[in-house]
1. Filter the stretch 203-218 down to residues that are open to solvent by less than 70 Å² (accessible area, probe 1.4 Å) and assigned to a loop (DSSP other than H, G, I, E, B) and give me whichever is nearest to Ala35 (Cα to Cα).
2. If Asp184 passes every condition in (1) more than 16 Å from the chain's Cα centre (by Cα); (2) surrounded by fewer than 16 Cβ atoms within 10 Å (Cβ to Cβ) but one, which one does it miss?
3. Scan the stretch 67-91 and report the pairs whose first residue is touching a residue at least 40 places away in the same chain (Cβ under 8 Å) and closer than 20 Å to Arg15 by Cβ and whose second residue is among the polar types (S, T, N, Q) and open to solvent by less than 90 Å² (accessible area, probe 1.4 Å), with Cβ atoms within less than 6 Å and a gap of 6+ or a chain change.
4. Assess whether Ala112 counts as being more than 20 Å from the chain's Cα centre (by Cα), at pLDDT 95 or above, within 9 Å of the ligand (Cβ to nearest atom) and open to solvent by 10 Å² or more (accessible area, probe 1.4 Å).
5. What's the number of the condition Ser103 fails, among (1) within 15 Å of the ligand (Cβ to nearest atom); (2) open to solvent by 10 Å² or more (accessible area, probe 1.4 Å)?
6. With respect to Ser51, is the statement that it is among the hydroxyl-bearing types (Ser, Thr, Tyr), part of a loop (DSSP other than H, G, I, E, B) and either farther than 22 Å from Ser8 by Cα or within 13 Å of the ligand (Cβ to nearest atom) (or both) true?
7. Looking only at the stretch 158-173, filter to residues that are touching a Gly at 6+ places or on another chain (Cβ under 7 Å) and open to solvent by less than 10 Å² (accessible area, probe 1.4 Å); which one of those is nearest to the ligand (Cβ to nearest atom)?
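The values are calculated or read from the model by the stated rules, or taken from the named source; none is laboratory data. Since this is a predicted model, take the numbers as computed values, not measurements. Every residue, glycine among them, receives a Cβ derived from its backbone with ideal geometry; neighbour counts consider all protein chains shown. Surface areas here come from the heavy atoms of the whole protein model, side chains and all, with no ligands, DNA or RNA. Shrake-Rupley method; radii C 1.70, N 1.55, O 1.52, S 1.80 Å.
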Amino acid sequence: MSIYFPPSLTEFKPRWQVFSTWTEHMPFGYDLIAAVRPRTLVELGVYRGLSYFAFCQSVQTHRLKTRCYAVDTWEGDKHTDSYGEDIWEEVSAHNKSHYSDFSTLMRMTFEAALPRFEDKSVDLIHLDGLHTYEAVKADFENWYPKLRAGGIFLFHDIRARLQDFGVWRFWDELEQEHETFAFDQGYGLGVLRKPGGRRKHDRPLLRLLFHPEQRERKRLKDFYAHVARHAELKRKRERQVKLREKLKSTPRAAAGKG
Ligand SMILES: C[S@@+](CC[C@H](N)C(=O)[O-])C[C@H]1O[C@@H](n2cnc3c(N)ncnc32)[C@H](O)[C@@H]1O
């Protein structure tokens with residue numbers, strides 16, 4: 001039995017924190033990069049950059065030789081609605097300040113970015129674009145050939161059953177045919193592994209994700225659900241402390257006169 005010490009537990013303080021339903025996956029995302037040590041990573045759907053910059057922070061902290069690519073029109077879609085130019089400006093400023101030596105923002109559609117990558121050249125793809133069944137299926141079918149043997153494909157929102165979200169339905173189909181692991185928190189995160197690759201050298205996190213024993217996989221799932229819950233409580237407490245400090249510094253507001 002191998003003992004797994006996730007690096008996020010001891011060293012991960014997210015440098016970039018913005019509102020996102022991806023928040024609960026940040027520790028796992030950070031640990032996954034340390035385990036996969038990708039040479040090439042592509043994120044499809046970046047928005048304010050919460051998931052992408054958690055990946056970049058891990059690349060930097062672990063001194064990996066990863067090239068990271070973030071693809072988005074930064075115009076929004078049916079589910080995010082359209083948003084202003086300020087989002088692009090804040091993401092590109094943060095990228096420039098911290099990660100420009102290995103991270104490239106590609107402001108274009110997923111389709112336009114496709115020819116920029118060779119088949120079987122990408123080690124990890126995170127798909128978090130438009131969440132209809134048709135869009136996710138098309139994005140997966142377009143990008144799966146880009147993934148190397150043994151590579152990882154991540155899907156956000158596999159548990160989101162709202163509006164016309166359909167990732168859950170496509171994920172159900174993928175689970176029948178592929179090696180997968182699913183997290184339920186934060187609207188769900190699906191982890192799919194392409195067949196092949198040199199698995200003999202897998203690091204403990206990868207071995208646990210695709211462990212033949214269900215008990216081991218369940219432990220891992222429970223562990224990250226617990227970490228996510230703990231992080232959420234910590235954030236709530238920090239918000240309360242900040243609010244209390246603010247009220248203290250404005251006595252009129254504290255007395256209900258402001
Ligand atoms: C849910 S948001 C991404 C959230 C982000 N991963 C996070 O951590 O919060 C989806 C993004 O995908 C982009 N998008 C959707 N479909 C796209 C497409 N076909 N090409 C380029 N960008 C797309 C939208 O502009 C939007 O910014």
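1. Phe210
2. Here Asp184 meets the rest and fails (1).
3. From the stretch 67-91, the pairs are Tyr69/Thr104.
4. Considered against the rule, which asks whether it is more than 20 Å from the chain's Cα centre (by Cα), at pLDDT 95 or above, within 9 Å of the ligand (Cβ to nearest atom) and open to solvent by 10 Å² or more (accessible area, probe 1.4 Å), Ala112 comes out as yes.
5. Result: Ser103 passes all but (2).
6. On the way: among the hydroxyl-bearing types (Ser, Thr, Tyr): yes; part of a loop (DSSP other than H, G, I, E, B): no; either farther than 22 Å from Ser8 by Cα or within 13 Å of the ligand (Cβ to nearest atom) (or both): yes.
No.
7. Within the stretch 158-173, the match that is nearest to the ligand (Cβ to nearest atom) is Ala160.
Residues are listed down the side, and each one gets a yes or a no for (1) among the β-branched types (Val, Ile, Thr); (2) over 29 Å from Phe223 (Cα atoms); (3) open to solvent by less than 60 Å² (accessible area, probe 1.4 Å):
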residue: Pro27; (1), (2), (3): no, no, yes
residue: Ala34; (1), (2), (3): no, no, yes
residue: Leu44; (1), (2), (3): no, no, yes
residue: Tyr52; (1), (2), (3): no, no, yes
residue: Ser58; (1), (2), (3): no, no, yes
residue: Thr61; (1), (2), (3): yes, no, no
residue: Asp77; (1), (2), (3): no, yes, yes
residue: Gly84; (1), (2), (3): no, yes, yes
residue: Val91; (1), (2), (3): yes, yes, yes
